Amino acid sequence: ELKVEQNPLFLSMQEEKNYTIYCNYSTTSDRLYWYRQDPGKSLESLFVLLSNGAVKQEGRLMASLDTKARLSTLHITAAVHDLSATYFCAVDNSGGSNYKLTFGKGTLLTVNP
Amino acid sequence: NAGVMQNPRHLVRRRGQEARLRCSPMKGHSHVYWYRQLPEEGLKFMVYLQKENIIDESGMPKERFSAEFPKEGPSILRIQQVVRGDSAAYFCASSPSQGLTYNEQFFGPGTRLTVL
(Lines give C-alpha, C1' and ligand atoms only; values in the text may rest on other atoms or scores of the structure.)
Protein backbone atom coordinates (compact mmCIF):
# COMPACT_ATOMS: atom_id res chain seq x y z
CA GLU A 1 0.00 0.00 0.00
CA LEU A 2 1.35 3.38 -0.98
CA LYS A 3 2.04 5.64 1.99
CA VAL A 4 2.84 9.33 1.85
CA GLU A 5 4.33 11.14 4.82
CA GLN A 6 4.81 14.85 5.19
CA ASN A 7 6.80 16.71 7.76
CA PRO A 8 6.49 18.84 9.58
CA LEU A 9 2.73 18.72 10.06
CA PHE A 10 2.72 22.16 11.66
CA LEU A 11 5.04 24.99 10.72
CA SER A 12 5.06 28.45 12.22
CA MET A 13 7.35 30.82 10.39
CA GLN A 14 8.42 34.40 10.64
CA GLU A 15 8.06 36.55 7.57
CA GLU A 16 11.14 36.77 5.36
CA LYS A 17 12.48 33.42 6.65
CA ASN A 18 13.11 30.31 4.56
CA TYR A 19 11.90 26.82 5.25
CA THR A 20 11.35 23.42 3.62
CA ILE A 21 8.47 20.95 3.76
CA TYR A 22 9.34 17.31 3.09
CA CYS A 23 7.26 14.63 1.44
CA ASN A 24 8.34 10.99 1.54
CA TYR A 25 6.50 8.17 -0.18
CA SER A 26 6.84 4.44 0.10
CA THR A 27 6.67 2.92 -3.39
CA THR A 28 7.97 3.75 -6.82
CA SER A 29 6.28 6.69 -8.48
CA ASP A 30 7.46 9.23 -10.99
CA ARG A 31 4.62 11.67 -10.46
CA LEU A 32 4.15 13.91 -7.51
CA TYR A 33 1.69 16.75 -7.00
CA TRP A 34 1.65 19.67 -4.59
CA TYR A 35 -1.61 21.36 -3.61
CA ARG A 36 -2.50 24.33 -1.44
CA GLN A 37 -5.68 24.48 0.63
CA ASP A 38 -6.98 27.59 2.37
CA PRO A 39 -9.35 27.07 5.33
CA GLY A 40 -12.77 25.92 4.17
CA LYS A 41 -11.70 25.97 0.54
CA SER A 42 -10.80 23.49 -2.14
CA LEU A 43 -7.37 22.33 -3.24
CA GLU A 44 -5.43 24.49 -5.64
CA SER A 45 -2.84 22.77 -7.80
CA LEU A 46 0.63 24.24 -7.30
CA PHE A 47 3.09 21.91 -9.01
CA VAL A 48 3.17 18.68 -10.98
CA LEU A 49 6.56 16.94 -10.89
CA LEU A 50 6.94 14.25 -13.52
CA SER A 51 10.49 12.96 -13.43
CA ASN A 52 13.54 12.46 -11.30
CA GLY A 53 15.34 15.74 -10.73
CA ALA A 54 12.34 17.85 -11.74
CA VAL A 55 12.37 21.32 -10.22
CA LYS A 56 9.60 23.87 -10.58
CA GLN A 57 9.33 27.37 -9.17
CA GLU A 58 6.46 29.79 -8.81
CA GLY A 59 7.05 32.98 -6.89
CA ARG A 60 8.40 32.17 -3.43
CA LEU A 61 7.71 28.43 -3.75
CA MET A 62 10.02 25.88 -5.32
CA ALA A 63 9.34 22.14 -5.54
CA SER A 64 11.73 19.35 -6.42
CA LEU A 65 11.53 15.59 -6.86
CA ASP A 66 14.08 12.85 -6.18
CA THR A 67 12.49 9.57 -7.26
CA LYS A 68 15.46 7.49 -6.13
CA ALA A 69 15.10 8.78 -2.57
CA ARG A 70 11.29 8.86 -2.93
CA LEU A 71 11.38 12.40 -1.65
CA SER A 72 9.94 15.71 -2.72
CA THR A 73 10.59 19.06 -1.10
CA LEU A 74 8.63 22.29 -1.14
CA HIS A 75 10.94 25.19 -0.34
CA ILE A 76 9.57 28.51 0.82
CA THR A 77 11.76 31.56 0.31
CA ALA A 78 11.25 34.78 2.26
CA ALA A 79 7.83 33.81 3.52
CA VAL A 80 4.97 36.29 3.49
CA HIS A 81 1.63 36.14 5.31
CA ASP A 82 -0.25 35.28 2.10
CA LEU A 83 1.46 31.90 2.04
CA SER A 84 -0.35 30.80 5.21
CA ALA A 85 -2.34 27.70 4.22
CA THR A 86 -2.20 23.91 4.38
CA TYR A 87 0.07 22.29 1.81
CA PHE A 88 -0.48 18.74 0.63
CA CYS A 89 1.68 16.48 -1.45
CA ALA A 90 0.08 13.60 -3.34
CA VAL A 91 1.45 10.68 -5.30
CA ASP A 92 -0.23 8.47 -7.86
CA ASN A 93 0.54 4.80 -8.25
CA SER A 94 2.56 4.68 -11.43
CA GLY A 95 3.04 0.97 -10.94
CA GLY A 96 -0.66 0.40 -11.30
CA SER A 97 -3.35 2.95 -11.81
CA ASN A 98 -2.33 6.53 -12.24
CA TYR A 99 -5.63 7.98 -11.18
CA LYS A 100 -5.70 7.20 -7.48
CA LEU A 101 -3.94 9.99 -5.66
CA THR A 102 -2.62 9.21 -2.20
CA PHE A 103 -2.25 12.32 -0.08
CA GLY A 104 -0.05 13.18 2.85
CA LYS A 105 -1.71 14.56 5.96
CA GLY A 106 -0.78 18.09 5.04
CA THR A 107 1.46 20.76 6.52
CA LEU A 108 -0.31 23.68 8.18
CA LEU A 109 1.87 26.69 7.51
CA THR A 110 1.37 29.86 9.51
CA VAL A 111 3.46 32.89 8.60
CA ASN A 112 3.68 35.42 11.40
CA PRO A 113 4.58 39.09 10.96
CA ASN B 1 -14.31 28.02 -18.28
CA ALA B 2 -16.10 27.13 -15.08
CA GLY B 3 -14.23 24.87 -12.73
CA VAL B 4 -15.53 21.78 -10.97
CA MET B 5 -18.89 22.56 -9.38
CA GLN B 6 -20.21 20.90 -6.28
CA ASN B 7 -23.47 21.37 -4.44
CA PRO B 8 -24.56 21.81 -1.85
CA ARG B 9 -21.55 23.44 -0.23
CA HIS B 10 -22.84 22.64 3.23
CA LEU B 11 -25.24 19.88 4.16
CA VAL B 12 -26.66 19.05 7.56
CA ARG B 13 -28.39 15.74 8.13
CA ARG B 14 -29.72 13.89 11.15
CA ARG B 15 -28.60 10.34 11.82
CA GLY B 16 -30.48 7.91 9.60
CA GLN B 17 -31.23 10.39 6.81
CA GLU B 18 -29.83 10.26 3.31
CA ALA B 19 -27.21 12.64 1.91
CA ARG B 20 -26.87 13.36 -1.81
CA LEU B 21 -23.80 15.22 -3.01
CA ARG B 22 -23.54 16.47 -6.59
CA CYS B 23 -20.53 17.15 -8.77
CA SER B 24 -20.32 18.64 -12.25
CA PRO B 25 -16.86 18.18 -13.80
CA MET B 26 -14.99 20.80 -15.73
CA LYS B 27 -16.06 21.21 -19.33
CA GLY B 28 -14.33 18.62 -21.47
CA HIS B 29 -13.51 16.35 -18.54
CA SER B 30 -14.96 12.87 -18.60
CA HIS B 31 -13.36 11.43 -15.46
CA VAL B 32 -14.65 12.09 -11.96
CA TYR B 33 -13.13 11.19 -8.61
CA TRP B 34 -14.55 11.48 -5.11
CA TYR B 35 -12.37 11.97 -2.04
CA ARG B 36 -13.21 12.33 1.65
CA GLN B 37 -11.32 14.56 4.04
CA LEU B 38 -11.68 14.06 7.77
CA PRO B 39 -10.60 16.89 10.10
CA GLU B 40 -6.82 17.27 10.33
CA GLU B 41 -6.32 14.62 7.64
CA GLY B 42 -5.37 14.45 4.00
CA LEU B 43 -7.84 13.44 1.34
CA LYS B 44 -8.68 9.76 0.95
CA PHE B 45 -9.70 8.32 -2.40
CA MET B 46 -13.20 6.87 -2.54
CA VAL B 47 -14.25 6.19 -6.11
CA TYR B 48 -13.36 6.85 -9.75
CA LEU B 49 -16.04 7.07 -12.40
CA GLN B 50 -16.39 7.67 -16.08
CA LYS B 51 -19.72 8.30 -17.79
CA GLU B 52 -22.07 5.45 -16.84
CA ASN B 53 -19.20 3.37 -15.43
CA ILE B 54 -17.66 2.85 -12.03
CA ILE B 55 -13.99 2.17 -12.68
CA ASP B 56 -12.67 1.79 -9.14
CA GLU B 57 -14.68 1.97 -5.92
CA SER B 58 -12.03 0.40 -3.72
CA GLY B 59 -11.97 3.35 -1.32
CA MET B 60 -15.68 3.45 -0.72
CA PRO B 61 -17.29 1.79 2.32
CA LYS B 62 -19.12 -1.34 1.24
CA GLU B 63 -22.39 -0.36 2.86
CA ARG B 64 -24.53 2.77 2.64
CA PHE B 65 -22.33 4.53 0.08
CA SER B 66 -22.92 4.57 -3.67
CA ALA B 67 -21.83 6.73 -6.59
CA GLU B 68 -22.95 7.25 -10.13
CA PHE B 69 -22.06 9.36 -13.14
CA PRO B 70 -24.96 9.16 -15.59
CA LYS B 71 -24.80 9.91 -19.27
CA GLU B 72 -26.52 13.21 -18.62
CA GLY B 73 -26.20 15.29 -15.50
CA PRO B 74 -23.80 15.49 -12.59
CA SER B 75 -22.08 12.76 -10.68
CA ILE B 76 -23.86 11.85 -7.44
CA LEU B 77 -22.37 10.50 -4.24
CA ARG B 78 -25.13 9.06 -2.11
CA ILE B 79 -24.86 8.17 1.55
CA GLN B 80 -27.79 6.31 3.04
CA GLN B 81 -28.65 6.21 6.75
CA VAL B 82 -25.90 8.63 7.67
CA VAL B 83 -24.02 8.28 10.95
CA ARG B 84 -21.93 10.83 12.85
CA GLY B 85 -18.74 9.29 11.51
CA ASP B 86 -19.78 10.34 7.99
CA SER B 87 -19.26 14.00 8.93
CA ALA B 88 -16.44 15.18 6.68
CA ALA B 89 -15.65 17.29 3.65
CA TYR B 90 -16.31 15.46 0.40
CA PHE B 91 -14.35 16.66 -2.60
CA CYS B 92 -14.95 15.88 -6.21
CA ALA B 93 -12.19 16.17 -8.80
CA SER B 94 -12.17 15.80 -12.54
CA SER B 95 -9.60 15.21 -15.23
CA PRO B 96 -9.57 14.97 -19.00
CA SER B 97 -9.52 11.60 -20.71
CA GLN B 98 -6.77 9.15 -19.84
CA GLY B 99 -3.85 8.59 -22.14
CA LEU B 100 -1.77 11.39 -20.75
CA THR B 101 1.42 10.51 -18.95
CA TYR B 102 0.09 12.01 -15.77
CA ASN B 103 -3.28 12.68 -14.32
CA GLU B 104 -3.66 16.17 -12.91
CA GLN B 105 -6.92 16.37 -11.08
CA PHE B 106 -8.85 19.60 -10.59
CA PHE B 107 -10.82 19.85 -7.40
CA GLY B 108 -14.19 21.34 -6.64
CA PRO B 109 -14.96 23.46 -3.56
CA GLY B 110 -16.21 20.48 -1.58
CA THR B 111 -19.37 19.64 0.31
CA ARG B 112 -19.11 19.82 4.07
CA LEU B 113 -21.43 17.25 5.55
CA THR B 114 -22.43 17.50 9.19
CA VAL B 115 -24.41 14.68 10.77
CA LEU B 116 -26.24 15.62 13.94
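List of remarks:
- Residue that is nearest to the other protein chains (Cβ to nearest Cβ), among those in the stretch B:60-107 that are among the acidic types (D, E) and under 13 Å from B:Y33 (Cα atoms): B:E104
- Within the stretch A:81-103, considering residues that are in contact with an Asp or Glu (Cβ under 6 Å, 6 or more places away or on another chain) and within 23 Å of A:K41 (Cβ to Cβ), the one nearest to the other protein chains (Cβ to nearest Cβ): A:L101
- Test: A:T77 is out of contact with any Pro (no Cβ under 9 Å at 6 or more places or on another chain) and surrounded by fewer than 17 Cβ atoms within 10 Å (Cβ to Cβ): yes
- Output for the stretch B:24-59, where each listed residue is more than 12 Å from every other protein chain (Cβ to nearest Cβ) and within 11 Å of the chain's Cα centre (by Cα): B:S24, B:P25
- Qualifying positions in the stretch B:9-45 - under 23 Å from B:R84 (Cβ atoms), in a strand (DSSP E or B) and modelled with pLDDT of 95 or more: B:H10, B:L11, B:V12, B:R13, B:A19, B:R20, B:L21, B:R22, B:W34, B:Y35, B:R36
- With a requirement of 2 or more residues that are among the polar types (S, T, N, Q) and over 11 Å from the mean Cα position of the chain (by Cα), the strands (runs of 3 or more DSSP E) lying completely within the stretch A:4-113 that satisfy it span A:10-14, A:107-112.
- Residue match in the stretch A:39-60 (condition: away from chain B (no Cβ under 14 Å), of a type outside the set (D, E, K, R) and surrounded by 17 or more Cβ atoms within 10 Å (Cβ to Cβ)): no
The values are calculated or read from the model by the stated rules, or taken from the named source; none is laboratory data. Fair warning: this is a prediction, and the values are worked out from it, not measured in the lab. No Cβ is skipped: glycine too gets one built from the backbone with ideal geometry, and neighbour counts run over all protein chains shown.
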